[in-house]
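**Q** I'd like to ask some things about the structure below.
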Amino acid sequence: MLYQRSSALFKEAEQVIPGGVNSPVRAFKAVGGTPIFAKSAKGAYVYDEDGNRFIDYINSWGPMILGHAFQPVVDAVKEKAELGTSYGMPTKLETEIAELAVSMVPNIDKIRFVNSGTEACMSAIRLARGFSKKEKIIKFAGCYHGHSDAFLIQAGSGAITFGSPNSPGVTQGTAKDTLLAHYNDLESVERLFNANKNEIAAIIVEPVAGNMGCIPPKEGFLEGLRHLCDANEALLIFDEVMTGFRLAKGGVQELKGINADIVCFGKVIGGGLPVGAFASRNEIMEVLAPTGPVYQAGTLSGNPLAMAAGYEMLKAIKKDKGLMNRLEEKTKYLHEGIADVLNRHNVDHTINRIGSMISVHFCKEEVVDFQSAALGNNDSFKVFFHGMLKRGIYIAPSAFESWFITDALTYKDLNETIAAVEEVAKEL
C-alpha cells in the first residue's frame, strides 16, 4: 500500500500541531513509521487519504459498536445541526437520553453528561471525595482514566508507550493522594487500606482493563474490591468508558453482577461524538452542584448533537436483543482463528478476550496486570502491526491497547483478517 498523501499530511501537521497529532498514540511512535490519515469510514471499514481501505479494529477506540456512519446516528446529527449546534440551555433530549441510560444500567438513579471520558472520571473522583470527605484514592498500575493529574500516576495506554508513566507537570502534592495497587491483586489493595486508615475516598478501576491490552478481572477480584470498599467506607468507581454499553447493555455491573457506587461512561454513550458521563444513586448525586456543594460544569455538556448521537446509539443497542451474542461470537471466532495460526507457526503469544474486546500479547505468560503485559515482545508487535497494516487490517498502533469488534464486521472480514495473520506470522 502507498501512503504518500498521509506522509505529506503528517509533515504539514507537525508544523502546527505538537507531534503532528491531537492524541499521542496516533503518532505511531510505539511502532515506527508514519501515521495513516483517515478520510472517511463506513461500516467495518476506514479509508485513508491515499484511497486505501482498512478493516478497522480500533473503531474510534470503541464507540463504533454498530459500525462507522451508523445511519440513525448520522440522520439524527444532521437533523439537530439544522436546529442549532449548541444553546447553553437545557433541552428535552438531555432528559430523554438520561432516562434511557438509567433504564439500561443497574444501580444508578441519576446521570450527569460531560464532554469526555477524562472529564467523567475527573468529576467522579471529585464527587467521591466530596461525598466521603476523604482525600486519597486508589488506582491500578496500567489502568488509564484519562489525562487528569490525579490519574497520570503510572498510567496505561499512551503513557506506557512513551515510557513516562509519571508525567511531568503533575505535582507531588497531587501524586501523594493517588495510591497505586496491582490489577487482579486484592492483597495489594488491602495493604493500602491498612496503611491509610480512614483516608481513602474511593477505588477507581477499569472493571475490564483496556489500556494495557484487554485484561479481564480474575474470578473474585471485583467482588473483593466491593467488599474492601464496604469494610472501609470507601466508594467503588467503575470506569466503564470502554466497557459501558459494549460488554453488556448495562456494562460490567450487569455482566458480572457487581454494584459500583459511581460509574463513568464515554465512547459508546456518545455514538462517536465527544461525550462522557458519570452516574450514581441519589444520595451521592445530591451532593453535586447545583443541588449540593461539589462543583462541576461545562458549556458544551449535553449539547444537542452529542445527545442526539448518543440517544440513537443507546436506543438501537437496547432494542437489538441479539447484539451482544453476535459480538461475542464474532470475537470468539477471531480469537480462535488467530490462535490457531500463531500456534501452527510457533509464535509465543497470549490472547485475552471478553465480550467484544480482544488483544494479542506476544509472550508465553498469562497477562493479568501491567507487569505481565509489559513482558510482551514489542519487536514482534511492531512487525505484526505493520504486516497487518500492509494487508489492509488496522489495529491499534500500540501493544497496550484493546481491539474493539463492531457488529458491522462480517465473517468474510474476519476470515480476511485471519488470512492476514497467516501471512504475517511467517515474519515473526
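The values are calculated or read from the model by the stated rules, or taken from the named source; none is laboratory data. The shown structure was predicted, so the numbers you read here are calculated from the model rather than taken from an experiment. As a convention, Cβ positions derive from the backbone with ideal geometry for all residues, glycine included, and neighbour counts pool all protein chains shown. Calculation scope for accessible area: heavy atoms of the full protein, side chains included, ligands and nucleic acids excluded. Shrake-Rupley method; radii C 1.70, N 1.55, O 1.52, S 1.80 Å.
**Q** Give me the number: length gained by fully extending Tyr333 to Ser148, i.e. 0.36 nm times residue separation minus the C-alpha to C-alpha distance, one decimal in nm.
**A** Extra length available between Tyr333 and Ser148 comes to 62.9 nm.
**Q** To continue, here is another question. Just checking my list [x] 1.13; [y] 1.05; [z] 0.95 against Cα Rg over 2.2 N^0.38 Å computed from this structure; which label fits?
**A** Computed from these coordinates, Cα Rg over 2.2 N^0.38 Å corresponds to label [z].
**Q** Hey, another quick one. Given DSSP loops and a limit of at most 15 other Cβ atoms within 10 Å, what is the longest stretch of the chain that contains no such chymotrypsin sites (Phe, Trp or Tyr not before Pro)?
**A** It works out to 296-428.
**Q** Still on this structure: Compute the FRET efficiency between Glu99 and Asp230 as 1/(1 + (r/R0)^6), taking r as their Cβ-Cβ distance and R0 = 25 Å, and round to the nearest 0.05.
**A** Once rounded, the FRET efficiency stands at 0.30.
**Q** Over 29 Å between Cα atoms, which of Lys267/Lys382; Lys256/Lys315; Lys139/Lys315 qualify?
**A** Lys139/Lys315
**Q** Which is the longest stretch in the chain that no exposed loop site breaks, taking sites as trypsin sites (Lys or Arg not before Pro) with a DSSP loop state and at most 16 other Cβ atoms within 10 Å?
**A** 1-132
**Q** How far apart, in nm, are two points set 7 Å out from the Cα along the Cα-to-Cβ line at Glu219 and at Ala175?
**A** 3.9 nm
**Q** Here's another thing I want to ask about it. For Lys319, which lysines qualify as cross-link partners when the Cα separation must be under 17 Å and same-chain residues fewer than eight apart are set aside?
**A** By straight Cα distance, Lys319 reaches Lys249.
**Q** A further question on this structure: GluC sites (Glu not before Pro), restricted to region 346-428: which are DSSP loop and have at most 16 other Cβ atoms within 10 Å?
**A** Answer in residue order: Glu365, Glu366, Glu427.
**Q** Say each of Asn325 and Asp379 gets a label point 7 Å from the Cα, pointing the same way as Cα to Cβ; how far apart are those two points in nm?
**A** Between Asn325 and Asp379, the label points sit 4.7 nm apart.
**Q** Here's something else I'd like to know. Kindly write out, for region 352-364 in residue order, the coupling ³J(HN,Hα) from the Karplus curve 6.51 cos²θ - 1.76 cosθ + 1.60 (θ = phi - 60°), rounded to whole Hz, with x marking Gly and Pro.
**A** 9, 8, 8, x, 9, 10, 8, 8, 10, 10, 8, 8, 7
**Q** Report the FRET efficiency, 1/(1 + (r/R0)^6), for Glu199 and Thr299, where r is their Cβ-Cβ distance and R0 is 35 Å, rounded to 0.05.
**A** Efficiency computed from Cβ-Cβ geometry: 0.50.
**Q** Asn22 to Ala289: extension gain in nm, 0.36 nm per residue of separation minus the Cα-Cα distance?
**A** Difference between extended and current length: 93.0 nm.
**Q** Now, a different point. How large is the accessible surface per residue of region 158-279, computed with a 1.4 Å probe and reported in Å² as a whole number?
**A** 34 Å²
**Q** Could you work out what % of the accessible surface of the chain is carbon and sulfur, using a 1.4 angstrom probe and leaving DNA, RNA and ligands out of the count?
**A** Carbon and sulfur: 51 percent of the exposed surface of the chain.
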